[in-house]
1. Taking the range 594-618, which residues are in a helix (DSSP H, G or I) and surrounded by fewer than 20 Cβ atoms within 10 Å (Cβ to Cβ)?
2. With the range 192-239 as the region, which strands (runs of 3 or more DSSP E) entirely inside it contain at least 1 residues that are over 20 Å from residue 135 (Cα atoms), out of contact with any Pro (no Cβ under 7 Å at 6 or more places or on another chain) and touching a residue at least 40 places away in the same chain (Cβ under 8 Å)?
3. For the range 97-111, check the following and say yes or no: at least one residue is over 19 Å from residue 145 (Cβ atoms), within 16 Å of the ligand (Cβ to nearest atom) and not polar (S, T, N, Q).
4. Look at the range 83-100 and say how many of its residues are without any contact (Cβ under 8 Å) to a residue 60 or more places away in the chain, assigned to a helix (DSSP H, G or I) and surrounded by fewer than 21 Cβ atoms within 10 Å (Cβ to Cβ).
5. Could you list all residues from the range 240-261 that are within 16 Å of the ligand (Cβ to nearest atom) and part of a helix (DSSP H, G or I)?
6. Quick check on the range 402-420: of everything there that is farther than 24 Å from residue 361 by Cβ and touching a residue at least 40 places away in the same chain (Cβ under 8 Å), which residue is surrounded by the fewest Cβ atoms within 10 Å (Cβ to Cβ)?
7. Identify, please: which residue in the range 48-77 is part of a loop (DSSP other than H, G, I, E, B), free of Cβ contacts under 8 Å to residues at least 60 places away in the same chain and within 16 Å of the ligand (Cβ to nearest atom) and is, among those, farthest from residue 247 (Cα to Cα)?
8. Can you find, within the range 1-25, the residue that is nearest to the chain's Cα centre (by Cα) among those that are more than 11 Å from the ligand (Cβ to nearest atom), farther than 15 Å from residue 252 by Cβ and without any contact (Cβ under 8 Å) to a residue 60 or more places away in the chain?
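The values are calculated or read from the model by the stated rules, or taken from the named source; none is laboratory data. The structure presented is a predicted model; accordingly, all values stated were derived computationally and were not measured. Neighbour counts run over all protein chains shown; Cβ positions are idealised from the backbone, glycine included.
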Amino acid sequence: MTSSIRFLMCAPHHYEVDYVINPWMEGNIHRSSLEAAQEQWQGLYQIIADRANVDLVKPQKGWPDMVFAANAGLILGSQVVLSRFLHPERQGEEPFFKEWFEAQGHEVFTLPSDLPFEGAGDALLDREGRWLWAGYGFRTELDSHGLVAQWLNIEVLSLHLMDERFYHLDTCFCPLSGGYLLYYPAAFDAYSNRLIEMRVPPEKRIAIDEPDAINFACNSVNIGQTVIMNKASDDLKARLTEIGFEVVETPLTEFLKAGGAAKCLTLRVTEPLHPEPAGDKGIISRTVTMTGHLLDSGLVSRALDLIMEGGGSFQVMNFDLGEQRQSTSSAEIRVSAPDREVMDEIMAQLIDLGAVALPAEQQDVHLVSITQAGVAPDDFYSSTIYPTEVRVRGQWARVQGQRMDGVIVVAESEPVATCKLLRDLAVGDQVIVGYDGIRSVRSTKDRSRAAATTEEFSFMGSGVSSERRVELIVEQVAWDLRRLRDQGGRVAVVAGPVVIHTGGGDHLGRLIREGYVQALLGGNAIAVHDIEQAMLGTSLGVDMKQGTSVRGGHRHHLRAINSVRRCGSIANAVEQGVVTRGVLYECVKHDVPFSLAGSIRDDGPLPDTKMDLIAAQADYARLIEGCDLILMLSTMLHAIGVGNMTPSGVKMVCVDINPAVVTKLADRGSLESTGVVTDVGLFLSLLVKQLDKLTQRHVVTQA
Ligand code: ARG
């Protein structure tokens, strides 16, 4: 053996599966054979020793995983970053490895004790020494990458591990000579895959499938053109051979039981030194604060989850727990991300949850000028239903026309910031891109309401609403309607044709007549069936009194449409005495504006139905402006449409027999909405009765 390449190994004298710290160890406690392990280890040792020098570190009793020398640390030249094991089960190995490194004359860097980093298990040098690939997500903390980059003066590319079975980077990723890469893409998130694809050209990427991955094919030792591994499929062997590698298989099944194989059992001591210093690692950190009923609302755990899922990591710097039931808590969270793009995605979601940048880190928004009408730059900030403030020229300004899925346009004069739809963008508009200088204002005033809302949703999630539950909501809605009418508030009703089919038309008509409704929104169908019922006594051909189909009834709705078309509009049909009752009749008679938005399945349509959907959306938006309460009655499409254009703070009540519709609206983030899974006709009849009761009580108290 003439090579200058060196490896460190640790004989398996004390090896066994003694505990479970990865999914491979599950069910394998004390199931490995020491004898077989010794033999397999010896086999690997021999293959490597034939091609390179092997140093040995003395195995220690009580530290069975010490055989996995890859986890000792990360060596580059004369420097070593010593591992900080995540699990106490392995922390005892640290001093023995440290001692060995020091004895070899290495300069040893040690990380803070609470910053896990599992050495070459999670840090793999590009075989040309150009950069370091580093894994995080299970054993190694992202923040350690920054220190490693600084200490070893090398560019670090952080990869987010997603599959528990591939908890160390070296279980699913193996850089090979000549810039090749053997890896299992499914073990990484989309962003990491993109990063890999940016650095390694397609002809150099050897992506493997799950069967090879679970045989630990990526856990290979690469020496020159030789790749040493536990096992490879014929296909993989052929692919590697074709590009000039020699595959040497050596069974390591006893070590697979602990979640390791060839690469894990070795630590390369002589790593290629990079030609020139590569600068430091671009890990970015931001600190945000969150305030509110953090525990009751589960806000902090949601925030932390989304940071992790988004590919970042966090440190909770401060957590001030509110002491009284009514007092709010506040948390200061330091978010780290491997780069700007990941950070932006995470920040966007944190802002939606109400997170605010520390005052010292606050910046103005970034603006880009629109160059093509109706088209925004790719990284535009998309708005939510929550009241939002943006920082322009050092001042926070409230966004006007708040709604979901809009773009924020900033102007020189008042109003400084306005929500606009993509299609309304004009050339020269200054739109906000990225997430700097944006904060959303979450109301934290009322703790009981926050709790009630959550409860509401768990109830909806389960899809069952007891009758008592429906009654309670009806009482609440009746109370709100009454109060809003007395105070001159605004209520909009969004209704689908089911309201008519289920016999709710009369009740809704009454609500309109009695002044409880200030706008009606729907599609063609509700108006058609309402008018059909008014004119012919049927709804979609079904007799509303008998509940049976009427002969020739299938034509009824067309006859209704035809009659209204003859008059030119619903209002004309009412004036001319063609329509003498019903929901639309009451609207016309009591000057309650209505808007009918068309769709592809509409028959007719009625002359009033707006088939230009952009005009219909604008009309809807106009009618819900300034609303205090929106009642959504059995219409998925129109309810969700309205949900999107309504800012938070407007109460929504969604009634539908289909729990999916109710939950869907909740999913849209309309947190103030209340869902009722029930028959809408029944709901309306209970509502009218409840209003009657309130009125009687009113009369009595006045007398
Ligand atoms: N049982 C060990 C652990 O879970 C296996 C380590 C494998 N080493 C590696 N570099 N992947 O820590």
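1. Within the range 594-618, 613, 614, 615, 617, 618 meet the criteria.
2. On the way: elements: 205-207, 221-223, 226-229.
So the answer is 221-223, 226-229.
3. The answer is yes; a qualifying residue exists.
4. The qualifying residues number 7.
5. Within the range 240-261, the subset within 16 Å of the ligand (Cβ to nearest atom) is 252-261.
Across the range 240-261, the qualifying residues are 253, 254, 255, 256.
6. It comes out as 405.
7. Of the range 48-77, the ones part of a loop (DSSP other than H, G, I, E, B) are 50-52, 57-63, 68, 77.
Next cut, free of Cβ contacts under 8 Å to residues at least 60 places away in the same chain only: 50, 57-63.
Filter again for within 16 Å of the ligand (Cβ to nearest atom), leaving 57, 59-60, 62-63.
Details: 57: 27, 59: 29, 60: 32, 62: 34, 63: 31 Å.
Among those that are part of a loop (DSSP other than H, G, I, E, B), free of Cβ contacts under 8 Å to residues at least 60 places away in the same chain and within 16 Å of the ligand (Cβ to nearest atom), it is 62.
8. Across the range 1-25, the extreme among qualifying residues is 14.
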